[in-house]
């Protein structure tokens, strides 16, 4: 994801740096159901995700991401292992986390895992880092939520140092210090792309700019337009901190089917049930049919509909947010593997070409 040489001239003239348009897919490994609406095993769900990633490569999707979760509904605690399996069967698609909960992991190990994925895939690895919107990993690995902010701040700082390459010296409170430590494996052609996922915190936007990460806006409800100030803040902060320009991406949920009606009928009952369950721990409002209708409309955050409907909404919001990348978080617990494969095929063969057409 590098800029063309002509972008340097535009940047020096005061115009925004232009980055390539990237259109990807993300999954949390939501448990899929069979034709009789019975949940599949965790093992089968994981195997299905591998097949979904392979199909994404075949139909022209730019990126395939897997988000870290540790629950019965989202049995995806080792995304890098699954991504490695996908890498072995693909040739062009970029592969990465969406998101890695850095606060409850070790930055050195995360760097090593994704450097290894980068080697296995021939330079196609990326990583999106997050503080932990879902906090199930904190008690699982023995971390105190009272240290939530400090954990991420220090670990993001260390990860930024690791990306620079060469021996690392680092001191902090949350892990052992490093003294001129060589960390392997070395990457062949510079650092792999690294992003910080932001769900609404200006402090996280500034942190991404300070440490030289790209910005991924996680927009899962409400008007996407309210995130436009975060894009502006990010670019301003990069400039003031003397950092190079960085791309901005958007991650949002959705579902593509042959028609708007079919997409909504397939998605709605599963969306309602999943949000109902997570509302008990995360405080989300339980959706109503009216709120769902708003969210799938032009001003909401859900990309649910026919290929044309979804493409129009992606193009409009990328423009409004000054972003160059969109990752559709496809799937919802209870949908079938077949419905997800159809979603991926339509996204790659119809949505992506249409978005490119609308934005050129």
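Readers should treat all values here as calculations from the given coordinates under stated rules, not as data from a laboratory. Small disclaimer: the values here were computed from a predicted structure and weren't measured. Using ideal geometry, Cβ is built from the backbone for each residue, glycine included, and neighbour counts are taken over all protein chains shown.
Which order results if 342, 293, 32, 319 are arranged by neighbouring Cβ count within 10 Å, fewest first?
Details: 342 17, 293 14, 32 22, 319 11.
Ascending Cβ contact count within 10 Å gives the list 319, 293, 342, 32.
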| Alpha carbon convex hull of segment 245-360, projected area averaged over orientations, nm² | 7.8
| said: Distance between the C-alpha centers of segment 39-70 and segment 251-271? Whole Å please. | reply: 18
| remark: Taking 71, 90, 27 and counting other beta carbon atoms within 10 angstrom, the fewest-first order is 71, 90, 27
| field | segment 176-203-segment 228-250 distance, computed between alpha-carbon centres (Å) | value | 18
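Out of all DSSP beta bridges in the chain, what portion is antiparallel? Express it as a percent rounded to 5. Intermediate values should be presented prior to the final figure.
Details: 3 of 41 bridges.
Approximately 5 percent, going by the DSSP bridge assignments.
Averaged over every viewing direction, what's the projected area of the C-alpha convex hull for the chain? Give it in nm², one decimal, please.
On the way: hull surface 69.1 nm².
Value for the chain: 17.3 nm².
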| said: Could you tell me the relative contact order of segment 19-358? Use alpha-carbon pairs under 8 Å, at least six residues apart, and round to a whole percent. | reply: 20
| query | Taking other Cβ within 10 Å of each residue's Cβ, how do 306, 189 sort, fewest first? | reply | 189, 306
| When DSSP beta bridges are limited to those with both residues in segment 23-96, what percentage is antiparallel, rounded to the nearest 5? | 10
| task | Bin width 10 Å, alpha-carbon pairs only: give the P(r) of segment 178-275 as whole percents, running from 0 to the bin holding the largest distance. | result | 13, 31, 25, 20, 9, 1
